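Reading through the structure tokens given below for one structure.
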Amino acid sequence: MAVVKIPADNVTLTDARDVTTFLAARGIEYERWTPNQPLPADAPADAVLNAYSRQIETLKVRGGYVTADVIDVKADTPNLDTMLAKFNREHWHDEDEVRFIIEGRGLFHVNAGGSVFVLEVGPGDLIRVPRGTHHWFDLCAERRIRAIRLFQDISGWTPHYTDSGIDRGFQPLCFGPSYIGPMVHPPS
Ligand SMILES: [Fe+2]
């Protein structure tokens, strides 16, 4: 279940409806997906794509995505730090960043017009970050993520760095599955 934190306002959103509404207002689509059939933890990529084929096909039509794959990152993945260093600085893409998390956790920082919020995603979370959105990404402490990715054009999925330096002002701290924080809501 995704968690949103707005550091400048000292606000944390953990309720699904609050998270969905907050993200939608900033152009980011958030959904929860459940597999069409039981999915073993060690299921191969083909089985993963098959288990979510209905949702994937629906999203392809809606967003013009032409292909889907499964990315699998573990703490012992070779050159993991080099891979992560490409995405932990503020950047944007020419196409949407679409991720459905199967295992593990990740932390997106999103710069929405100068106001930065943090989105932690975990298993069952689908997010669709529109093209052009300024963001950066970190793994959580266990350095594990397995996710379905959808692409409009694989060749277009290149980070364009802003070099704003804004990312250096934020610690990539995940809340964790056991996080129990106060239910704080933003002022309406
Ligand atoms: Fe990105």
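Taking the range 123-149 as the range and being of a type in the set (A, V, I, L, M, F, W, C) and under 22 Å from LYS74 (Cβ atoms) as the test, the residues that pass are LEU126, ILE127, TRP136, PHE137, LEU139, CYS140, ALA141, ILE145, ALA147, ILE148. Of all residues in the range 88-130, those being within 12 Å of the ligand (Cβ to nearest atom), among the aromatic types (Phe, Trp, Tyr) and either crowded, with 21+ Cβ neighbours inside 10 Å or at pLDDT below 95 (or both) number 1.
For the range 66-88, a residue qualifies if it is closer than 29 Å to SER164 by Cβ and among the small types (Gly, Ala, Ser), and exactly one does: ALA85.
The set of residues from the range 133-160 being of a type outside the set (Lys, Arg) and at pLDDT 95 or above comprises THR133, HIS134, HIS135, TRP136, PHE137, ASP138, LEU139, ILE145, ALA147, ILE148, LEU150, HIS160. Restricting the range 64-83 to residues that are closer than 20 Å to LEU126 by Cα and within 16 Å of the ligand (Cβ to nearest atom) leaves a set whose member that is surrounded by the most Cβ atoms within 10 Å (Cβ to Cβ) is TYR65.
The values are calculated or read from the model by the stated rules, or taken from the named source; none is laboratory data. Worth saying up front: this structure is predicted, and the values here are computed from it rather than measured. Positions of Cβ are generated from backbone atoms using ideal geometry, with glycine treated the same way; all protein chains shown enter the neighbour counts.
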